[in-house]
Amino acid sequence: MISIQHNIKANLKLPKALLAGLFVMGSAMSAAHSELVIQEKNPGSSIVNQFATLKDANAQSPELHQLIADLNQRLAVNPSDTLAWDILAQIYYNNGYHDYAIYAASEAIDRGKSTATLKSILLNSSIIVAQKQLQTGYLNNGWCIKKYAGVIKEG
């Protein structure tokens, strides 16, 4: 009897693990499917298509600002959305917001979307930000080192 009960318990564990795996896969596929359905029904509403349309838009474009707001809303719901981080990184980079581009590219890469474009944005934006810091004197003359070593005291 004990042997039969043990086999029943072991057999019930496998389906639970299998169901959990199927649930996770189903959720991921559902998100991908939702994006494809949106693209098929209304191509203009897909963030990928919106970004492609607005890629060269003026930084003051209301449509570009709306896309950024939509992407931020999407990230508020799902901070692990690598597609949203990727597109934000490209928008910020293309429009000269390199501090934000570094952050968005880092988030996308940290969450598993490591593409050549994201790495390029991260590297180039980091160089531009460092150059600006050097030009403004932020990194010159050991200012940072002195400040953090306690030599420069703030009042």
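The values are calculated or read from the model by the stated rules, or taken from the named source; none is laboratory data. These figures come from a predicted structure and were not determined experimentally. Cβ sites come from the backbone with ideal geometry, for glycine too, and all protein chains shown count toward neighbours. When the accessible area is computed, the model is the full protein with side chains, heavy atoms only, and any ligands, DNA or RNA have been set aside. Shrake-Rupley method; radii C 1.70, N 1.55, O 1.52, S 1.80 Å.
Computed from the alpha carbon positions, the gyration tensor of the stretch 46-126 leads to an equivalent ellipsoid with semi-axes of 18, 15, 10 Å, biggest first. Using a probe of 1.4 Å, the accessible surface attributed to His98 totals some 20 Å² when neighbouring protein chains are kept in position.
Can you work out the PRE-style zone for Ala59? Point 7 Å along Cα to Cβ, and I want the residues of the stretch 99-130 with backbone N under 14 Å. Inside the label zone: 99-102, 129.
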